[in-house]
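Trainee: Just dropping this structure here.
What follows is calculated from the coordinates using simple rules that are stated; it is not laboratory data. Here the structure is a predicted model, which means the values were calculated and not measured. Because the Cβ atoms are built from the backbone with ideal geometry, glycine has one as well, and the counts that use them run over all protein chains shown.
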Amino acid sequence: MTPHNNAKKDDYAEAVLLPGDPLRAKWIAENFLDDVRAVNTVRNCLGFTGSYRGKPVSVQASGMGQPSLAIYVHELINVYGVKSFIRVGTCGGLSERVKVRDLVLAQTASTDSAMNRNTFKAFDFAPGADFELLRTAADAAETGGVRWHAGAIVSSDVFYQPEGLAGYATLREHGVLAVEMEASALYTLAARFSVRALAICTMTDCLVTGDELNADERQSSLEDMVRIALDVAVGG
């Protein structure tokens, strides 16, 4: 147990899905997992463990932003022995190539966060996804007929960017596909502790075109993403 998690030592599977929203964690657990049970309720940042296709898998809400995610991931690795993380979230599109409903498989995650500067000082560390997890996700998306893109994203500490799209101009010029708020910290911790991680994000709104998903489209797209993430979690 930790100050943020009242699960017992062996309550988590070695593979964990990481949505930001606690209610989305609950929705995933109740609609996709068998034999599911709640393992964490501290601060209502809910965690569950069950099985998918007969294999154990857990889902743990990470909260919003990199500092919150870093707490849960650090503890899941060092206290609970988790070996693989698949972030399931949403992102804003920074490229005309990425359409709403498309999946973005984050090969790398840049950031504007001071967390990296405090750690790496003069170096610009470039955290990336685990290749085997990424390849499995791409294969699952291809098989399922879901449009996907593998490439660079940015994890920002700022949701309401004061400059709007213009604030991401240099990143867009260098091929960054989307913006979200958690993946860079996840990849950095995975590298630090030699575990595997992948961020899979559904593009729900495009900052370039203004396109966005309605409620029904958002729900069905999230279902596609979760099924692919669960395929990755249990090994394809």
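Trainee: With +1 on each Lys and Arg Cβ and -1 on each Asp and Glu Cβ, and nothing else charged, work out how big the dipole of the chain is about its Cα centre, in Debye to the nearest 20.
Mentor: 640
Trainee: Pulled fully out, how much extra length does the chain show between S194 and R117, if you take 0.36 nm times their separation in residues and subtract their Cα-Cα distance?
Mentor: 25.7 nm
Trainee: Quick one: if you take sqrt(5λ) for each eigenvalue of the C-alpha gyration tensor of the stretch 124-236, what semi-axes come out, biggest first, whole angstrom?
Mentor: Three semi-axes, in Å: 23, 21, 12.
Trainee: As an exercise, use a Förster radius of 22 Å and the Cβ-Cβ distance of S220 and V42 to find the FRET efficiency, rounded to the nearest 0.05.
Mentor: It comes to 0.10.
Trainee: Also: Which of the GluC sites (Glu not before Pro) found in the stretch 12-108 are loop residues per DSSP with 14 or fewer other Cβ atoms within 10 Å of their Cβ?
Mentor: Of the GluC sites (Glu not before Pro), the ones in loops of the stretch 12-108 whose Cβ has at most 14 other Cβ atoms within 10 Å are E96.
Trainee: Of the options P67, V88, A7, report the single residue whose Cα projects farthest towards the positive end of the charge dipole of the chain (beta-carbon charges: Lys, Arg +1; Asp, Glu -1).
Mentor: Among P67, V88, A7, the one farthest towards the positive end of the dipole of the chain is A7.
Trainee: While we're here: Got a sec? Charge dipole of the stretch 15-233, +1 on Cβ for Lys and Arg, -1 for Asp and Glu; which of T143, A233, V100 is way out at the positive end?
Mentor: Checking the options against the dipole of the stretch 15-233, the answer is A233.
Trainee: Moving on to the next point. Compute the distance from the alpha-carbon center of the stretch 162-186 to that of the stretch 212-236, in whole Å.
Mentor: Each part's Cα centre sits 22 Å from the other's.
Trainee: Just from its helices, what would the mean residue ellipticity at 222 nm be for the chain, if runs of 4 or more DSSP H residues each count -39500 (n - 2.57) and the sum is divided by every residue, rounded to the nearest 500 deg cm²/dmol?
Mentor: Computed ellipticity for the chain at 222 nm equals -10500 deg cm²/dmol.
Trainee: Tally the DSSP beta bridges in the chain and give the antiparallel ones as a percent, rounded to 5.
Mentor: So the antiparallel bridges amount to about 40 percent of the total.
Trainee: Further question on the same structure: Taking 0.36 nm per intervening residue step and subtracting the Cα-Cα distance, what contour gain separates V79 from R147 on full extension?
Mentor: 20.8 nm
Trainee: Can you work out D for the chain in µm² s⁻¹ from Stokes-Einstein, where Rh is the Kirkwood radius over C-alpha pairs, the temperature is 10 °C and the viscosity is 1.306 mPa s?
Mentor: This corresponds to a translational diffusion coefficient of 90 µm²/s.
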